[in-house]
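The values are calculated or read from the model by the stated rules, or taken from the named source; none is laboratory data. Values in this document were obtained by computation on a predicted structure and should not be read as measured data. With ideal geometry, Cβ positions are generated from the backbone for all residues, glycine too; neighbour counts draw on all protein chains shown.
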Amino acid sequence: MPSLLPLLLFCDFLENRLHTSNLSLLRRMLGDFFAGSEQTLQDFIRIGASIVTVMPIERKSVHRQQEAARLLTQQQNMKKEDSKQMQLCVFSYLSARVANRNILLLRSMFQEFCGGGDRLICEFVRRGNEVVSLIPADIQALQVPTSWAEPALNPDRELKQNDQQQRADSDADDSEDEDEIASVAELASVASMPPTRTELHDCIMEVLDRIEQQEPWKTVFNPETIPISFSGVKRIKLAAALKKFWMKNSRAVWERHFWGPLSNLPDKKRSFDRKTRQAKARESFTKVMAIAYEELGADFFVALDEHASLYKGWWYSGTVQRLTSLAHTQGLAACINYMETQALKRFPRPPGSTRRAFKPGESRSMWSTTVAMAPVLREICAIKANK
């Protein structure tokens, strides 16, 4: 099936060049189309559990980038087919059958890929405000007739009207051809629809799930490598408490910097488990702070607060970094880039963020709000006030 091959190569190229989801479904729909079937598409609509997406975010993996470059070079060297009518027809078919975003943009990308180019994809990534998607909603089932059928006409009049209709359809086809997107400037104005809330959450969760599978918190907060520079008899209890804390609560600390939209998932257990981890971590570190006060006094917290840089072996808590908020304010591309580049950082820096200035009566290092730790906070503030 030679006409299908360029489309499958295009899917491979997209997967290696950009972040995508469920392109395996698109491949099966393409195969069905060339076989005269739409079984996969009907299952896609009926089940309604997946969205096919192509996101404006380039992959960071060197292996992926090299494979994408190889596929593009291979396409440049391939013998060009005289006709791509069947290949382009599949995009019109999908556009007419299922709800979608920017399917014409995808068609234009494919046309350029067939010629060995990627200018539209580069522009797609640069803008970063679009998502190509196929949504499991049957357009044909949603269409409502706008008028009732007219009574039968006499043969001569009916023949004349049919001829007029054919000319009108032909004119409409010509008009549609003239309206096809032909430049990057037109693409920017026609296909600049931002992702929906659902698409945004799906994109974030796909990347977050992939990162969490690698368990980065075990690397960032490895108890054997994270600096816990407390030595001597007076501090041995604190050092042991900190090491135990990082062994049991590293994930809870890490996920505060990468707070995914778990509450929107059908599986509520994930959100519940995260809340449980957070509660246990706060309770555990409150005990660590109590030991620190017992061994080193309030001056220890004052020194941590006034130090120019944050101490890697301490948990400063702080507010969570909500990934959806970051995507809304900085853009989806910036959000994904933050997740991929900062996941192994001890103190991730989101784009557009500034360090919070603490008010009098607050402590960055002693953040517990329990009644038992209230006297400690007052002592810390008193020391700062007398300096």
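Among the residues examined, residue 293 qualifies as over 28 Å from residue 199 (Cα atoms), touching a residue at least 60 places away in the same chain (Cβ under 8 Å) and part of a helix (DSSP H, G or I).
Would you check if there is a residue in region 350-368 being more than 28 Å from residue 244 (Cβ to Cβ) and in contact with a strand residue (DSSP E or B) (Cβ under 8 Å, 6 or more places away or on another chain)? No, there is no match, as no residue in region 350-368 is more than 28 Å from residue 244 (Cβ to Cβ) and in contact with a strand residue (DSSP E or B) (Cβ under 8 Å, 6 or more places away or on another chain).
Only residues that are among the polar types (S, T, N, Q) and either in a loop (DSSP other than H, G, I, E, B) or at pLDDT 95 or above (or both) were counted across region 260-282, and they come to 2. Looking at 298, 290, 308, 279, just one residue is loosely packed, with under 12 Cβ neighbours inside 10 Å, more than 31 Å from the chain's Cα centre (by Cα) and hydrophobic (A, V, I, L, M, F, W, C), and that residue is 308. The set of residues in region 319-342 that are hydroxyl-bearing (Ser, Thr, Tyr) and either in contact with a Leu (Cβ under 9 Å, 6 or more places away or on another chain) or surrounded by 22 or more Cβ atoms within 10 Å (Cβ to Cβ) (or both) comprises 324, 338.
For residue 150, state whether it is among the acidic types (Asp, Glu), within 29 Å of residue 327 (Cα to Cα) and modelled with pLDDT under 90.
no
Residue 270 meets the conditions (1) over 15 Å from residue 367 (Cα atoms); (2) in contact with a Ser or Thr (Cβ under 6 Å, 6 or more places away or on another chain) in every case but one. The failed one is (2).
Each residue in region 101-142 was checked for being outside any helix (DSSP H, G or I), within 28 Å of residue 337 (Cβ to Cβ) and not acidic (Asp, Glu), and 11 pass. Within region 29-46, being over 27 Å from residue 336 (Cβ atoms) and not polar (S, T, N, Q) holds for 31, 32, 33, 34, 35, 36, 38, 41, 43, 45, 46. When region 272-290 is filtered for residues that are among the aliphatic types (A, V, I, L, M) and in contact (Cβ under 8 Å) with a residue 40 or more places away in the chain, the ones remaining, listed by number, are 288, 289, 290. Tell me, yes or no, whether region 318-333 has at least one residue that is in contact with a helix residue (DSSP H, G or I) (Cβ under 6 Å, 6 or more places away or on another chain) and without any contact (Cβ under 8 Å) to a residue 40 or more places away in the chain. Yes: one or more hits. Across region 29-45, which residue is surrounded by the most Cβ atoms within 10 Å (Cβ to Cβ) among those that are in a helix (DSSP H, G or I) and free of Cβ contacts under 8 Å to residues at least 60 places away in the same chain? Restricting to residues being in a helix (DSSP H, G or I) and free of Cβ contacts under 8 Å to residues at least 60 places away in the same chain, the top hit is 41.
Inspect region 250-261 for any residue being in the same structural domain as residue 203 (by TED's automatic domain parsing), over 20 Å from residue 346 (Cα atoms) and touching a helix residue (DSSP H, G or I) at 6+ places or on another chain (Cβ under 9 Å) and give the result as yes or no. Yes, region 250-261 has at least one match.
Residues are listed down the side, and each one gets a yes or a no for (1) at positive phi; (2) in contact (Cβ under 8 Å) with a residue 24 or more places away in the chain:
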{"residue": "48", "(1), (2)": "yes, yes"}
{"residue": "64", "(1), (2)": "no, yes"}
{"residue": "88", "(1), (2)": "no, no"}
{"residue": "96", "(1), (2)": "no, yes"}
{"residue": "115", "(1), (2)": "no, yes"}
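Residues that are at pLDDT 90 or above and surrounded by 17 or more Cβ atoms within 10 Å (Cβ to Cβ): find the helices (runs of 4 or more DSSP H) completely inside region 168-227 holding 1 or more of those. Please lay out each step first, then the result.
On the way: elements: 184-190, 197-212, 217-220.
Because the criterion is at least 1 residues that are at pLDDT 90 or above and surrounded by 17 or more Cβ atoms within 10 Å (Cβ to Cβ), the helices (runs of 4 or more DSSP H) in region 168-227 that meet it are 197-212, 217-220.
Taking region 301-320 as the range and being out of contact with any strand residue (DSSP E or B) (no Cβ under 7 Å at 6 or more places or on another chain) and farther than 23 Å from residue 224 by Cα as the test, the residues that pass are 301, 302, 303, 305, 306, 307, 308, 318, 319. Among the numbered conditions (1) touching a Ser or Thr at 6+ places or on another chain (Cβ under 8 Å); (2) buried (at least 19 other Cβ atoms within 10 Å of the Cβ); (3) of a type outside the set (Gly, Ala, Ser); (4) modelled with pLDDT of 95 or more, the only one that residue 257 does not meet is (1).
Of the candidates 9, 4, the single residue that is modelled with pLDDT of 85 or more and in contact with a helix residue (DSSP H, G or I) (Cβ under 7 Å, 6 or more places away or on another chain) is 9.
Let's see how each residue does on (1) buried (at least 20 other Cβ atoms within 10 Å of the Cβ); (2) at pLDDT below 85; (3) within 16 Å of residue 30 (Cα to Cα); (4) not assigned by TED's automatic domain parsing to the domain that holds residue 339:
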site: 62; (1), (2), (3), (4): no, no, no, yes
site: 87; (1), (2), (3), (4): yes, yes, yes, yes
site: 93; (1), (2), (3), (4): no, yes, yes, yes
site: 96; (1), (2), (3), (4): no, yes, yes, yes
site: 99; (1), (2), (3), (4): no, no, no, yes
